[in-house]
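Taking it in order: structure first as structure tokens, then the write-up.
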Amino acid sequence: MDTIKEIIQTLHNAGDAEIAKHSSRFFKSGPGEYGEGDKFLGIRVPVIRQFAKQFKCSDLETLSALLDSDWHEVRLLALVILSEQFKKASPPVRDDIFAFYLAHTDRINNWDLVDCSAHIIVGGHLVEADKTILYTLADSISLWERRIAMMATFTFIRANQLEDTIKLAELLLKDKEDLIHKMCGWMLREMGKRDVQRLKAFLDKHIQTMPRTMLRYAIEKLPKEERQDYLTR
DNA sequence: GTCCACTCAGTAAAGCACAT
DNA sequence: ATGTGCTTTACTGAGTGGAC
């Protein structure tokens, strides 16, 4: 209990009103925006990472309390600590962290929170396991769970497992959210760095229905002539 | 020799402004 | 509506140099 209060107080002390204002706009916390209602203390990520080292031994109960916070950076801290713990954990502890993560996805509710953790915890856990759960996440009504699913494949790509990026991108082709188009395009581009033929096969198949943003992100690393070709088809 | 801190270049995210 | 490129922030890896 004291620990939780101590951590939250530490973060409050580190906050900066100007940065908070900027973050609030950047992460779209206004009415009707994707981060509606989120509150910011105004702390830069490297500073959060320093605090994560300081509080790295926090147990899951503590991290759960931190994730409950209305303050964005308090949730970010919890996810950074959790991700660092996962990297160093034994297989059974990894199982626990993975389960904990999936049980708290309602608190992982902005793109930076997803992007700092999903590939490490979800990707790290599933890279050598059955990946069925990803397809449940990709089918979620939650924008963030869908983003978690795609972000997880970043770890697969680095392990040269490219299949799930393709399958998830196909499932998410008709997604309405720009943040999903961007994420899918990003992962397709990363996948293309490993196997450009597979990327082109995907593009040839879906060029007519792909969201424009997904396409533009995906082709970013192709030679200019090929990029032009895909954009004008 | 090892470790840590630092700098630098390259790359990435999202948002955004501007041109077409 | 679409394409391009800029801005801000952050991470990574390589290289450097000092402390021990």
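Scanning residues 5 or more positions from residue A:39 or on other chains, those with amide H under 5 Å from its amide H are A:72, with H placed 1.01 Å from N in the peptide plane. Computed over the range A:1-96, relative contact order equals 26 percent, with contacts defined as Cα pairs under 8 Å that lie 6+ residues apart. Classified by the C-alpha gyration tensor, the range A:1-96 has a prolate form. Its axis ratio a/c, with a ≥ b ≥ c, is 1.5 or above, and a/b is larger than b/c.
Let me make sure I get this right: for the range A:55-113, a, b and c are the square roots of the gyration tensor eigenvalues over alpha carbons, sorted descending. Under 1.5 in a/c it's rounded, otherwise prolate if a/b > b/c, else oblate. Which is it? Here the range A:55-113 falls in the prolate category. Taken over the C-alpha atoms, chain A has Rg and Dmax values of 18.7, 61 angstrom. Specify the angular offset, from 0 to 90 degrees and rounded to the nearest 10, of the alpha carbon long axis of helix A:196-206 from the longest principal axis of the alpha carbons in chain A. The helix A:196-206 is inclined about 80 degrees to chain A. Select from A:217, A:19, A:92 the residue farthest towards the positive end of the dipole of chain A; place +1 on Cβ of Lys and Arg, -1 on Cβ of Asp and Glu, and compute about the Cα centre. Highest projection toward the positive end goes to A:217.
Full extension of the chain between residue A:207 and residue A:103 gives 33.8 nm of extra length, using 0.36 nm per residue less the Cα-Cα distance.
Can you give the local net charge around residue A:64? Use residues other than it whose beta-carbon is closer than 13 angstrom to its beta-carbon, Lys and Arg +1, Asp and Glu -1. Local charge sum for residue A:64: -3.
Arranged from highest to lowest average of other beta-carbon atoms within 10 Å per residue, in what order do the peptides A:186-197, A:42-53 appear? Let's see the in-between values first.
On the way: A:186-197: 18.2, A:42-53: 15.6.
Result, highest mean first: A:186-197, A:42-53.
Just need the relative contact order of chain A here, percent rounded to a whole number, with Cα pairs under 8 Å and 6+ apart.
Values: 279 pairs, mean separation 27.1, N = 233.
With pairs under 8 Å counted, the relative contact order is 12 percent.
The peptide list A:54-62, A:95-103, put in order of mean Cβ contacts within 10 Å with the highest first, becomes A:95-103, A:54-62.
Available extension along the chain between residue A:136 and residue A:95 is 12.9 nm, counting 0.36 nm per residue and deducting the alpha carbon span.
Of the GluC sites (Glu not before Pro) found in the range A:203-233, the ones in coil according to DSSP and having at most 14 other Cβ atoms within 10 Å of their Cβ are A:220. For chain A, the longest principal axis of the Cα atoms and the long axis of helix A:178-194 meet at an angle of about 70 degrees. I'd like the orientation of helix A:72-88 relative to chain A: the angle between its Cα long axis and the longest Cα principal axis, in ° from 0 to 90, rounded to 10. Around 80 degrees separate the two axes.
Loop only by DSSP, 13 or fewer other Cβ within 10 Å of the Cβ. Give me the trypsin sites (Lys or Arg not before Pro) in the range A:91-179 that pass, ordered by residue number. Mind showing how you got there, number by number?
Details: sites: A:94, A:107, A:131, A:146, A:147, A:158, A:167, A:174, A:176; in loops: A:131, A:174, A:176.
Hits after loop and neighbour filter: A:174, A:176.
Sites listed here are GluC sites (Glu not before Pro) in the range A:3-57 whose DSSP assignment is loop and whose Cβ has at most 14 other Cβ atoms within 10 Å: A:33, A:36.
Computed from phi, the 3J(HN,Hα) profile of the range A:161-177 under the Karplus parametrisation 6.51, -1.76, 1.60 (θ = phi - 60°) reads 9, 9, 5, 6, 4, 4, 4, 5, 4, 5, 5, 9, 4, 9, 4, 8, 8 Hz, with x in place of Gly and Pro.
Can you bin the range A:130-232 into rounded, prolate or oblate? Criterion: square roots of the alpha carbon gyration tensor eigenvalues sorted a ≥ b ≥ c, rounded for a/c under 1.5, prolate for a/b above b/c, oblate for the rest. Working shown, then result.
Values: a/c = 2.12, a/b = 1.39, b/c = 1.53.
It comes out oblate by the Cα gyration axes.
A short reminder: the numbers here are calculations on the coordinates, not readings from a lab. Since we're looking at a predicted model, the values are computed, not measured. A quick note on method: Cβ atoms are made from the backbone with ideal geometry, for glycine too, and the neighbour counts reach across all protein chains shown.
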